[in-house]
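Read the structure below first, then the notes.
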Amino acid sequence: MGIELFVFDLAGTTVRDNKDVHRVLKDTMEIFGISISIEEANEVMGIPKPEAIKLLLQDKNYPGISPELISHIHIEFVERMTSFYKNDAGVGEKEGVTETFLALKHLGIKVAVDTGFNRQITDPLLDRLGWKRNKLIDASVTSDEVDHGRPFPDLIYRAMHLTGVSDVKKVVKVGDTPSDLHEGTKAGCKWVVGVTSGAFSRTQLELEPHTHLIDQIPDLLQILEMSPI
């Protein structure tokens, strides 16, 4: 059974992230008088950001949680995250990502990215990376374009639709958070690959459902060499 599609997460998996998303989320929450740690921000990485904000508010027993409050916080987060991806000099892909995408394309495998960000954040990031412009990816899917974000499988199914792949057993999901791994598992992907150089350590990801754990994205090519596609 061949592989037809790889679905990659963005921040922490294919995009450099020195706790940048964590920091922006932390700073945003503090504007609204809510103090969270980087570790607490890490616990909600990978899931749609409105849901992440709601969970953080609940964990803090914040009084008067409402859809309006969550929306206000999320709007501020989106503005700050978008500005970061447009302007920060440190924004870029992780080592070996372009080469890996090119190798997959050479093998006739399609490449998609999915994310817990919305489209407003994602497009400036993809523009900075140049992946769409250089035709390194075939599709991108954001959390506001599906009914349910991670850990539900909707993002993967949407990526399959956009790339014309009908069999989920021919799809590989790659990500650096537990929500990525649960997403791929719930979808029924052929491989569910955890990246241990992102938001969560190898020890942490070992506890989550997966078929493979890798340190860096180019390690995927070694797995492909050992496993007929």
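Just checking, which of Arg202, Arg133 is among the basic types (Lys, Arg), surrounded by fewer than 17 Cβ atoms within 10 Å (Cβ to Cβ) and out of contact with any Ser or Thr (no Cβ under 8 Å at 6 or more places or on another chain)?
Exactly one residue qualifies, and that residue is Arg133.
Filter the stretch 59-118 down to residues that are free of Cβ contacts under 8 Å to residues at least 12 places away in the same chain, within 30 Å of Gly33 (Cβ to Cβ) and outside any loop (DSSP other than H, G, I, E, B), then give me how many there are.
6
Tell me, please, whether a residue that is among the hydroxyl-bearing types (Ser, Thr, Tyr) and more than 14 Å from the chain's Cα centre (by Cα) can be found in the stretch 164-175.
So far as the stretch 164-175 goes, yes, one or more of its residues are among the hydroxyl-bearing types (Ser, Thr, Tyr) and more than 14 Å from the chain's Cα centre (by Cα).
Which residues, taken from the stretch 41-59, are touching a helix residue (DSSP H, G or I) at 6+ places or on another chain (Cβ under 9 Å) and either exposed (fewer than 15 other Cβ atoms within 10 Å of the Cβ) or of a type in the set (Asp, Glu) (or both)?
Hits for the stretch 41-59 are Glu43, Glu51, Asp59.
Taking the criterion of being over 17 Å from Ile47 (Cβ atoms) and at pLDDT 95 or above, would at least one residue in the stretch 143-154 satisfy it?
Within the stretch 143-154 (the criterion being over 17 Å from Ile47 (Cβ atoms) and at pLDDT 95 or above), the answer is no, since none of the residues qualifies.
Residue check: is Ala103 surrounded by fewer than 21 Cβ atoms within 10 Å (Cβ to Cβ), in the same structural domain as Pro218 (by TED's automatic domain parsing), on the phi < 0 side of the Ramachandran plot and not charged (D, E, K, R)?
Judged against the criteria, Ala103 is a match.
The values are calculated or read from the model by the stated rules, or taken from the named source; none is laboratory data. Just so it is clear, the structure is predicted and the values come from calculations on it, not from any experiment. No Cβ is skipped: glycine too gets one built from the backbone with ideal geometry, and neighbour counts run over all protein chains shown.
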